[in-house]
Amino acid sequence: MKIAVIGGTGLIGSQVVTDLNAAGHEAVPHSKSTGIDVISGQGLDEAVAGADVVVNLTNSPTFDEASPAFFQTSMDNLLAAAHKGGVGHFVILSIVGADQVPELDYYKAKVLQEQILAAGPVPYSIVRATQFMEFMDAVLSWTADGDTVRLPATPIQPIAAKDVANAVAQVAAGAPLNGIRNIAGPEIFSLDELGRVTLSHKSDHRTVVTDPTAGMFAVVKGDVLTDEHAHLAPTRYTDWLS
């Protein structure tokens, strides 16, 4: 199949392209660096021309109240181009539990993206992933202060980016789900525990203090960012750290 990967040069997109090409498909990466613009629509008709599948892995440049507008405009433009080009399958990557955390603008924006896709004219698949292992350093930096890092005990089920890419590639190569597939890492940690494991492995002697009010994940209620019934990826966190 010919598969257009929009956002195909990023952390996930570049690996999706590699996985699909290794499986015998013709996956073509598209991004701003290749001349497309999902907001203005520049280059989109050409990017999806002749494609059997479109995988959209573009992301909002901000995670604040501006993010819904990015997903609204980019999805409208991409769906119009895909429909015009006769694309038979449109895939996006979202977040496990996104619909359960309305307090976060970015999560609301991802739910909006899902809704636009589901209501659109092209058969679709939504892959929802848990939190990426690769983002843990950023999470630690948000609430670091001197020798202390404050983190809530929010349950997290970290997944490696390579496993996310593999799952997205598998879905893209299959029949449209016209629904959602959840993917997750094989283990559940509390975020504060995950912070301690991470710092210990890096021989970082800062102390993690459990603080239910600290950082973005403080607003998450219960275990909505985990899913024991998801398709479980193989990579364990400590193996990934190594």
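When +1 charges are put on Lys and Arg Cβ atoms and -1 charges on Asp and Glu Cβ atoms, the dipole computed for the range 172-235 relative to its Cα centre reaches about 180 debye. The dipole here belongs to the chain: it is taken about the Cα centre, uses +1 on the Cβ of Lys and Arg and -1 on the Cβ of Asp and Glu, and is about 340 debye. Stretching Asp239 away from His201 to a fully extended chain increases their span by 12.6 nm, per 0.36 nm per residue minus the current alpha-carbon distance. Applying 0.36 nm per residue to the separation of Glu46 and Glu228 and subtracting their alpha-carbon distance, the gain on full extension is 61.4 nm. The range 58-83 and the range 124-161 have Cα centres spaced 23 Å apart.
Within a Cβ distance under 15 Å of Val91, other residues only, what is the Lys/Arg minus Asp/Glu net charge?
Numbers: positive: Lys2, Lys110, Arg128, Arg181; negative: Asp19, Asp52, Glu114.
My count for the surroundings of Val91 gives +1.
Our summary gives the range 101-242 a relative contact order of 34 percent, counting only alpha carbon pairs under 8 angstrom and 6 or more residues apart. Per DSSP helix of 4 or more residues, -39500 (n - 2.57); summed, then divided by the residues of the chain. What does that give at 222 nm, rounded to the nearest 500? My calculation for the chain gives -10000 deg cm²/dmol from helical runs alone. Using C-alpha pairs below 8 Å separated by at least 6 residues, the relative contact order for the range 37-187 is 24 percent.
Shape verdict for the range 167-242, please, from the Cα gyration tensor: rounded (a/c under 1.5), prolate (a/b greater than b/c) or oblate. Judged from the Cα gyration tensor, the range 167-242 comes out oblate (a/c at least 1.5, b/c at or above a/b). Were the residues from Thr62 through Thr34 laid out at 0.36 nm apart, the gain over their Cα-Cα distance would be 7.9 nm.
Quick note: the coordinates plus some simple rules give every number you see, no bench work behind them. In this text the structure is predicted, and so the values were computed from the model without any measurement. Cβ atoms come from the backbone with ideal geometry, glycine included; neighbour counts cover every protein chain shown.
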